[in-house]
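What follows is a single structure, written as structure tokens, with notes after it.
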Amino acid sequence: MDLGDTEGGLEMTGNWLIRRAGAVAVGAALIAGSAAGASAQNNRDQRMAQRAEARQQQQPSKQGGQGGWQVPQPAQQQMQRQVRQQQNQFQQQQLQQQQLQQQAQRQAEKQARQQQNQFQQQQLQQQQLQQQAQRQAEKQARQQQNQVQQQQLQQQQLQQQQQAQRQAEKQARQQQNQVQQQQLQQQQLQQQAQRQAEKQARQQQNQVQQQQLQQQQLQQQAQRQAEKQARHQQNQAQQQQQAEQNNRGNRPVQPGFQGRQNDPAQQRRIDAFRQRETQEERVGQQREQEMRSRGRLAGWRFEQRYIEHLREDRDRTVFAPLYFYYTAPRYRFERAGIYYTVDGYAADTLRQAVELGYQEGFQAGQADSQDQFGYSLNDDFAYQDASYGYAGYVDLSDYQYYFRQGFDRGYNDGYYGRYQYGVYSNGIANIIGSVLDQIFYPQPY
């Protein structure tokens, strides 16, 4: 039960009792008023009777010859009896009125006591209800307080458990971190030892490669010197033959070239090539200095050799392919879905482009691998220039296309230290014939 509802009920009950007591008091007042009116009437009747009796006593009595008269004795007695009767009636009425008043008063007091008892009982009941409601509220408050305390206790226990769990997890993480740190330290030590061993192995390998490279350089230098001397002797012999033929008035014939002379178109291409090579030589020297400043020694040495090749190409007097196949005078080949027709000199020149491209690419890949430089085929100067060995029998762009085809495969083999597209023989890497035919395969036409 709600305490507010209990208090409202008690207030309503008190108001009803107050109204009931007022009604009882009004009734008692009315009864008392009635009794008072009856008493006043009796008093009036009694006073009238007394006045009548007094008048009778004051009347003169008539005896014998005297001037008055006298009421007969029986009538007087009768009047006296009537007066006494009236007095008795009046007294009885007064007594009855007093009894009625007393009875009404007692009745009113009884009702008042009853009402007071009822009011007290109701007040007592209200107090009991209030006390019961208060005890109920206190009980509920205690229960709620106990629930709150239990919840707080449970929360504290849960917090303690969580704290203990976090502490255990923290300790476990610390132990795990310690184990991981130990493992990491061991791994670092192992990696350090492995790197040290690899470093020593690389140093030894580099030393071996440097020794091999030096030997190769010496061999290549000797070979280039021999080739240079052979070309010089050949040029001298050709110049002598040219002079003899001019003296005889005959057309010059180049040995091994099917008697072909330099036509005007070839001469224009050669002149443009020489001008271009002068500019390319300056670019190559700048690239050579950049490699040297960056510590790419193997790449720097390769750039030196390639620039030397360009100088030889620019300064030579006879432009002819280095490789000859002595086949039919006209050929047809296909590239990108289009067929082209060339003569034997042009076919030999394009085959030479693939051969020289593979050789230069192989050396460039080896140099980048030794310098521990990334795979950078397109950034290599020799790949960009792609004109080594150009003889003018074809357009330079065609020669560069096939030179780069061979360079791409040679660079791949040289960089990864394998021979997927070529073979290594007598200190020189040469492209495999089947691979060459896949790149450029002219058919007699």
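The values are calculated or read from the model by the stated rules, or taken from the named source; none is laboratory data. Predicted model only: the values in this text are computed from it and were never measured. No Cβ is skipped: glycine too gets one built from the backbone with ideal geometry, and neighbour counts run over all protein chains shown. In case anyone asks, the SASA skips ligands and DNA or RNA and just uses the protein heavy atoms, side chains included. Shrake-Rupley method; radii C 1.70, N 1.55, O 1.52, S 1.80 Å.
With a cut-off of 15 Å, note down the residues of segment 407-445 whose backbone N falls inside the zone around a label point 7 Å from the Cα of Thr341 toward its beta carbon. Residues 443-445 qualify, since their backbone N sits under 15 Å from the label point. At full extension, Leu396 and Gln183 could sit 70.6 nm farther apart than now, given 0.36 nm per residue minus the alpha carbon distance. Using the beta-carbon distance between Gln211 and Gln160 and R0 = 51 Å, what value does 1/(1 + (r/R0)^6) give for FRET efficiency, to the nearest 0.05? With R0 = 51 Å, the Cβ-Cβ based efficiency is 0.10. Modelled spin labels at Ser434 and Lys110, positioned 7 Å past Cα toward Cβ, are 14.4 nm from each other. Once both labels are positioned 7 Å from their Cα atoms along Cα-to-Cβ, the gap between Gln85 and Gln372 label points is 16.2 nm.
A quarter of the convex hull surface defined by the alpha-carbon atoms of segment 153-206 gives 3.9 nm² as the mean projection. Ligands, DNA and RNA left out, the accessible area of segment 368-441 computed with a 1.4 Å probe is 40% carbon and sulfur. Per-residue packing, averaged as other Cβ atoms within 10 Å, sorts the ranges 191-200, 130-139, 384-393 into the order 384-393, 130-139, 191-200, beginning with the highest.
About its Cα centre, segment 367-445 has a charge dipole of approximately 260 debye under the convention of +1 per Lys or Arg Cβ and -1 per Asp or Glu Cβ, with nothing else charged. With the simple spin-label model, which puts each label point 7 Å out from Cα in the Cβ direction, the Arg418 to Ala222 separation comes to 3.3 nm.
With a Förster radius of 60 Å applied to the C-beta separation of Arg51 and Gln131, the computed FRET efficiency comes to 0.30. The H on the amide N of Arg335, modeled in the peptide plane, is under 5 Å from the matching H of Tyr340, each at least 5 residues off or on a different chain.
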